[in-house]
Amino acid sequence: MDTIIYVDGGVSMKNKVGGCSAVIVKDSQILVELSEAYSGNHITNNTMELGGVILGLQYVLENPELGKEVIVISDSEYVVLGSERLNKWKLRGWKNTAGKVKNRELWEAVDYLKSVLDITFKWTKGHSSNTLNNLADELAVRAYTKLIKK
């Protein structure tokens, strides 16, 4: 059975902090809950969404017993649609119709992970009845909230 990763990211623009998370599931069991927090002017919701993807996929890569077939479930259309456009962006020199691809370094990391894992990206509606997506959201918010309280 595939490994499933629920990912999310969030930010507090006022405080210039963000968090990303990944919930790793195998055989309908939560294996691990991961989260990281970041601060700085470069933090955006999209960078944190991609951060969650990278965090989860790196965990799978570092734990080969999980297999190479992975489903990433995200409530970010930016992530899901971007993953479909990666090859076009590379062929165009990391350019899209609006110019340079934003967050190129993060997309390059996703591209590398796609080259070593068999990844399917799926979209889910955020803040709805998807319990594991909601858990990923809570983990991301909790991660950056800790930075605000320091």
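Only the coordinates and a few stated rules stand behind these numbers; no lab work does. All values reported here derive from a predicted model rather than from experimental measurement. Positions of Cβ are generated from backbone atoms using ideal geometry, with glycine treated the same way; all protein chains shown enter the neighbour counts.
Couple of notes before you dig in:
- Residues of segment 123-141 classified as surrounded by 11 or more Cβ atoms within 10 Å (Cβ to Cβ) and under 16 Å from the mean Cα position of the chain (by Cα), total: 13
- Cross-chain or 6+ apart pairs with Cβ under 9 Å, segment 26-43 first and in contact (Cβ under 8 Å) with a residue 60 or more places away in the chain, then polar (S, T, N, Q) and not in a strand (DSSP E or B): Ala37/Thr145; Tyr38/Thr47; Ser39/Asn15
- The residue list Thr120, Thr145 contains one member that is surrounded by fewer than 18 Cβ atoms within 10 Å (Cβ to Cβ) and either of a type in the set (Phe, Trp, Tyr) or part of a strand (DSSP E or B) (or both), which is Thr120.
- Any pair with Cβ under 8 angstrom, 6 or more apart, that starts in segment 69-84 at a residue that is free of Cβ contacts under 8 Å to residues at least 60 places away in the same chain and ends at one that is outside any helix (DSSP H, G or I) and hydroxyl-bearing (Ser, Thr, Tyr): Val80/Ser74
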